[in-house]
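Some notes on the structure that comes next.
The values are calculated or read from the model by the stated rules, or taken from the named source; none is laboratory data. Please read all numbers here as calculations on a predicted model, not as lab measurements. We place every Cβ from the backbone using ideal geometry, glycine too, and count neighbours over all the protein chains shown.
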Amino acid sequence: MSTSTLQPLTPEALFTQPGLRPTPPSHYKISPCGRFIAYLKGSKEAVTVLDLWCFDRSRKDHTKLVSASTLDARADESVTNLSDAERAERERRRQFTFGISQYQWLGKSCDLVLYADGQAYATRVGESGKADPIQAVTELGQRHSGFNPSPSGQLLSYVTDGDLYFTNASGAQPAVRVTTDASPSVTNGLPDFLSAEEMHRFKGSWWSECERYLIYCRNDESPVSISHRLEIDGNGSRTVEQSYPFAGEANPLVSLHIFDTEKGTTHQVWQSGASEQDVYLARVDCWEDGLLIQTQDRLQQTLTLRRYRFTDRSWHQLYQESSDTWINLSDDLRSIGDGEFVFSSEDQGQRQALILSASAEPRRLAGPSHINQVLSVDGKALLASGWDETPIENHLYEVSLNGSGYRRLTDGAGVHDIAVNQSQQLFVDRYTDVQVPLKITVASLDGSNQQLLYEEIVDQSHPYFPFSSNHVTAEFGHITVEDHALYYRLTPPANPDGLHPTIVYVYGGPGAQKVRRDWGALLLQLFAHQGFGVLELDNRGSANRGRLFEAPLYKRMGSIEVDDQLQALTILDNTSWADPSRIGVFGHSYGGYMSLMCLCQAGERFKAGAAVAPVADWRLYDTHYTERFMGLPNDDGDAYDKSSVLPHLHKLERPLLLMHGMADDNVLFTHSTMLMSELQKLGKPFDLMTYPGAKHSMQETHISIHRFETILNFFQRNL
């Protein structure tokens, strides 16, 4: 549809490896001494296989510390023989790379532990800036997961076949087995499905600061309903038994245990059943002489923070917060000594920092409008990312612990993603805006001594350069709905000529933010190069705005989000290149759900829609996510009925493209089979594309190419 004579972007060009953007370095971490900046990076030959690199600030050079190939960490999941625990961990973390998956600096030294292909390895960065010979920490004849180093780095715990072990981080001593009761339904030292998928608690074991005690979770999934999921790939089909806690049904039983490494004894200190039925173990942290846990009730309307002392085995409540809707979790708890802790809360709308103590009321700190995350704290100040003037930017702030104020530490309008080492007064800044694809620097907190680590420049050596003449710059703005500013990004078609169709690219659900002042994904350029405009709007309920902005969604899924997206269409009514009669809608997951709801509820404005891996009925999604926003099905059946797509399908009159992966273990393929059946009963025509072997993310190269060629062809026919 593009009238340009220049080369337009295509799905094949966009998704064929190695891709049109250099895979940037990732997982930046500053060494305890502040001299080295470690990171993971692939090569031109194997962009998805990550090696461990290091930038030496004193020598100003980059060195490959460890090559994945030396660890036999290969790039093909089918040949690495991943264990079920590893597969689950990769899916929950949305990890699509191979090689070295994670690493950590140990203690206060320049020692490193790294994890690759089910094993843990140790090394050290010497004065020369090079790594010492690699040592295997775990037994190479088996596969392991859930790696967890102690604070000093001397010990490492890990999980093998569902049981917890620990060993000396050098691998010089035999491993100690902590648990012996693993079974198909019981695991130790790992997060359960809900903790990892919905609470983003990816750990299942923790070391005390004194390193005498190893704290771990025991997860018993026997109460959880078994879903007999049919998983279909290119070679046939198989029935998969999956413990899936559907909304309103039983959750796994989770208990917390402490293993005394000196005595070799274990005792249980908390459990989700019995006296605390249906309580979620949301967070676990250690402090000077004990541990702290954050728990939530089943409806997630009460958050309780309690601390436990190892000496007398006593519990004390430190903080409790309640809400009429729900409480969002954070990772912001930090000890500042003398029994005081930094925490954060959205109890007054947007997230702000607090100081908690057992002897006084919480004390609020003067900070920016909204804190995304507390990154670090020392005796005088905390460092946090967040925003002050506009939620489409992200910056680094220093907030004084005495309440006197705060200051912004990053310059340049745009998005700054930050890693810090406060003790060394350093931070790594991954920066992007509408003109800067990516620029990564390391700098001191006072702004001096900045060093460039990486910069992406679209010149003749850049793989996107042949398409860059068609590159378009998005416009940002906001509309106001019920006193809320709703921010949008409008990407115009390349070389507009007359009136063009527009695709509303939607997510719409909680926990995500689409509109950020960044360079933008090349997927937006794909649509623009093919002659489409793209409109994105963060409706009420979206993340990074605080509880008051999200609360209107409560028990009203599929309603206010559609209303807000409809209000956004007024933007197109006043856009010179947009044809208001040719608007399509497209989304994935919650966005697929939104595409269906927009077509059914507002077919007069949307001419066609593509729904990828959509939720059809929230009764078939998991407990923690669904009940947070909808309550329990038995208590709020009417809300569930109204939020289901199925009762709305009779209003569908516009062309629909339905897509789903046939091995999806998140939004089960059952959602789409329910949609197919109901549409067929109603005599509604629709286009269908299913992908054998694909899970929820649908990241495989051939699937990505085919999926977006199909979507583009669908919109070209119908818009």
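Annotations for the structure displayed:
- Residue count for segment 248-284, restricted to those that are part of a strand (DSSP E or B) and surrounded by fewer than 19 Cβ atoms within 10 Å (Cβ to Cβ): 8.
- Verdict on Asp518 being in contact with a strand residue (DSSP E or B) (Cβ under 6 Å, 6 or more places away or on another chain), buried (at least 23 other Cβ atoms within 10 Å of the Cβ) and among the acidic types (Asp, Glu): no
- Scanning segment 349-385 for residues that are crowded, with 17+ Cβ neighbours inside 10 Å, over 24 Å from Gln424 (Cα atoms) and of a type in the set (S, T, N, Q) yields Gln350, Gln352.
- Of the set (1) farther than 16 Å from Tyr593 by Cα; (2) polar (S, T, N, Q); (3) crowded, with 21+ Cβ neighbours inside 10 Å, all apply to Gln680 but (3).
- Single unsatisfied condition, Thr261 versus (1) touching a His at 6+ places or on another chain (Cβ under 7 Å); (2) modelled with pLDDT of 95 or more: (1)
- Any hit, segment 157-169, residues being touching a Lys or Arg at 6+ places or on another chain (Cβ under 7 Å) and not basic (Lys, Arg): yes
- The set of residues in segment 363-404 being closer than 13 Å to Arg334 by Cβ, of a type outside the set (D, E, K, R) and not in a strand (DSSP E or B) consists of Leu365, Gly379, Leu401.
- Scanning segment 653-662 for residues that are surrounded by fewer than 22 Cβ atoms within 10 Å (Cβ to Cβ) and within 22 Å of Ala613 (Cβ to Cβ) turns up Arg654, Pro655, Met662.
- Residues considered: Tyr507, Tyr454, Tyr406. Of these, the only one that is under 25 Å from Val562 (Cα atoms) and in contact (Cβ under 8 Å) with a residue 40 or more places away in the chain is Tyr507.
- Consider segment 43-97 and keep the residues that are of a type in the set (Gly, Ala, Ser), at pLDDT 90 or above and touching a strand residue (DSSP E or B) at 6+ places or on another chain (Cβ under 7 Å). The one that is nearest to Lys203 (Cα to Cα) is Ala68.
For (1) touching a Ser or Thr at 6+ places or on another chain (Cβ under 6 Å); (2) under 27 Å from Leu299 (Cβ atoms), each residue gets a yes or a no:
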{"site": "Arg605", "(1), (2)": "no, no"}
{"site": "Gly609", "(1), (2)": "yes, no"}
{"site": "Val645", "(1), (2)": "no, yes"}
{"site": "Leu652", "(1), (2)": "no, no"}
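- Scanning segment 313-343 for residues that are within 29 Å of the chain's Cα centre (by Cα), within 30 Å of Phe259 (Cα to Cα) and not in a loop (DSSP other than H, G, I, E, B) gives Leu318, Tyr319, Gln320, Arg334, Ser335, Ile336, Phe341, Val342, Phe343.
- The residue of segment 408-418 that is farthest from the chain's Cα centre (by Cα), among those that are surrounded by fewer than 20 Cβ atoms within 10 Å (Cβ to Cβ) and closer than 15 Å to Val374 by Cα, is Arg408.
- Elements of the type helices (runs of 4 or more DSSP H) sitting completely within segment 608-698 and holding at least 1 residues that are outside the structural domain of Gly591 (by TED's automatic domain parsing) and either at pLDDT below 95 or within 25 Å of Ala551 (Cα to Cα) (or both): there are none.
- Within the span defined as segment 222-230, every residue fails to be outside the structural domain of Leu548 (by TED's automatic domain parsing) and at pLDDT 95 or above.
- Residues (under 19 Å from Phe341 (Cα atoms) and small (Gly, Ala, Ser)) located in segment 385-403: Ser385, Ser400, Gly403
- Filtered residues of segment 36-57 (kept if in a loop (DSSP other than H, G, I, E, B) and either free of Cβ contacts under 8 Å to residues at least 24 places away in the same chain or among the hydrophobic types (A, V, I, L, M, F, W, C) (or both)): Ser43, Glu45, Ala46, Val47
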